[in-house]
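Peer 1: Encoded as structure tokens, here's the structure I'll be asking about.
What follows is calculated from the coordinates using simple rules that are stated; it is not laboratory data. Quick caveat, the model's predicted, so the values are computed rather than measured. Cβ sites come from the backbone with ideal geometry, for glycine too, and all protein chains shown count toward neighbours.
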Amino acid sequence: MHKLILSLLAICFMTLGSACSRSTETGQFRAVDSSCWRYGDTLSYNIATADSVWHGDIAIVVRHAASYPFSNLWLEIGYPPNDSIKPDTLDIVLADDFGNWLGRGLGLSFQRTDTVVRGVTVTSPADFYVRHIMRSDCLSDIEQIGLIFIPSENLY
């Protein structure tokens, strides 16, 4: 009987602990036509958090095929600081000088994550956009682009 009560108490504490924990990151991924991401095709994101105003960092995630023909990816990201859209130009480095992919993955697909905006304050929900600004009208072998918001209370 004593072991049963201790087991039930342990289960209750674990359940309460997991119920009180909050997800530290919020984000969304958008699929890209890997055969041709057109220059004018914009990816839209609407990110909402539990708080109406949030402060933290924004990371971008690029998932690409091993056959991606370039070592980097130039992107434009638009995000709303102080209720206006501010575009930033980003150079996401995907491979080193020797052609080795920097992201995680094996075989045919790789993922690279990079923090691109630090210390931004945004009102939730917030609309973001991402588009590529490479010199190619049709960019192949990009599979997904994700935006992740990391709240400042979880930064170290």
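Peer 1: Among the candidates R118, R112, single out the residue that is basic (K, R) and within 17 Å of R30 (Cα to Cα).
Peer 2: Checking each option against the conditions leaves just R112.
Peer 1: Quick one: which residue in R112, R118 is basic (K, R), under 20 Å from V32 (Cα atoms), part of a strand (DSSP E or B) and touching a residue at least 40 places away in the same chain (Cβ under 8 Å)?
Peer 2: When all the criteria are applied, what remains is R112.
Peer 1: Confirm whether T89 is surrounded by fewer than 10 Cβ atoms within 10 Å (Cβ to Cβ) and either at positive phi or assigned to a strand (DSSP E or B) (or both).
Peer 2: Yes; evaluated as a whole, the condition is true for this residue.
Peer 1: Take the residues in segment 107-156 that are acidic (D, E) and within 15 Å of the chain's Cα centre (by Cα); name whichever of them is surrounded by the most Cβ atoms within 10 Å (Cβ to Cβ).
Peer 2: E143
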